[in-house]
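Asker: Here you go, one structure.
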């Protein structure tokens, strides 16, 4: 199973802003520079995270983004479900566009569906807070000056 870059970036943004002191702002540019990822793509991710209510965006000079909820209130499984556009592991998961001749008798689909459910169940056990327990180590990497 593979996450899209959109979900990957969403998780990384939340970890970045979650590693800051409560209320401290981060800019899209600084996050983009630190992770060496596209600022334009990151802007779309942050916009969506704002629409979800997970980050607060502050406009204007001195503006930026910060967590809008506690890290322990951001469930990773929920976030993945909201940021992934589909979970079609194989063609037969699609109601439209399934041309596999084995679909009516195939047992693989059931096993893959079971694996997907298990995958999401594991992610449901975690919140962003679980990934911030080593906040000092994260901060040392994320907020050190040299890029």
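The values are calculated or read from the model by the stated rules, or taken from the named source; none is laboratory data. What you see is a predicted model, and the numbers here were worked out from it, not measured in a lab. Ideal geometry is used to build each Cβ from the backbone, glycine not excepted, and the neighbour counts take in all protein chains shown.
Asker: Just checking, does segment 29-45 include any residue being over 30 Å from residue 140 (Cα atoms) and touching a residue at least 60 places away in the same chain (Cβ under 8 Å)?
Answerer: There is no residue in segment 29-45 that is over 30 Å from residue 140 (Cα atoms) and touching a residue at least 60 places away in the same chain (Cβ under 8 Å).
Asker: Ok, one more. Checking residue 124 against (1) farther than 14 Å from residue 9 by Cα; (2) free of Cβ contacts under 8 Å to residues at least 40 places away in the same chain: exactly one of these is not met. Which one?
Answerer: (2)
A quick yes/no check of all residues on (1) over 16 Å from residue 12 (Cα atoms); (2) more than 15 Å from the chain's Cα centre (by Cα); (3) at pLDDT below 85:
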position: 72; (1), (2), (3): no, no, no
position: 84; (1), (2), (3): no, no, no
position: 89; (1), (2), (3): yes, yes, yes
position: 93; (1), (2), (3): yes, yes, yes
position: 96; (1), (2), (3): yes, yes, yes
position: 99; (1), (2), (3): yes, yes, yes
position: 102; (1), (2), (3): yes, yes, yes
position: 109; (1), (2), (3): yes, yes, no
position: 112; (1), (2), (3): yes, yes, no
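Asker: Can I ask one more? On the given criteria, is residue 77 at pLDDT 85 or above, surrounded by fewer than 12 Cβ atoms within 10 Å (Cβ to Cβ), out of contact with any strand residue (DSSP E or B) (no Cβ under 7 Å at 6 or more places or on another chain) and closer than 30 Å to residue 23 by Cβ?
Answerer: Numbers: at pLDDT 85 or above: yes; surrounded by fewer than 12 Cβ atoms within 10 Å (Cβ to Cβ): no; out of contact with any strand residue (DSSP E or B) (no Cβ under 7 Å at 6 or more places or on another chain): yes; closer than 30 Å to residue 23 by Cβ: yes.
So residue 77 fails the test.
Asker: Give the residue that is nearest to the chain's Cα centre (by Cα), with candidates limited to residues of segment 134-146 that are more than 16 Å from residue 67 (Cβ to Cβ) and not in a helix (DSSP H, G or I). Before you say what the answer is, go through the steps one by one.
Answerer: Step one: list which residues in segment 134-146 are more than 16 Å from residue 67 (Cβ to Cβ), which gives 134, 136-137, 140-141, 144-146.
When the remaining residues are screened for being not in a helix (DSSP H, G or I), the result is 134, 144-146.
Details: 134: 19, 144: 23, 145: 25, 146: 26 Å.
Here the residue is 134.
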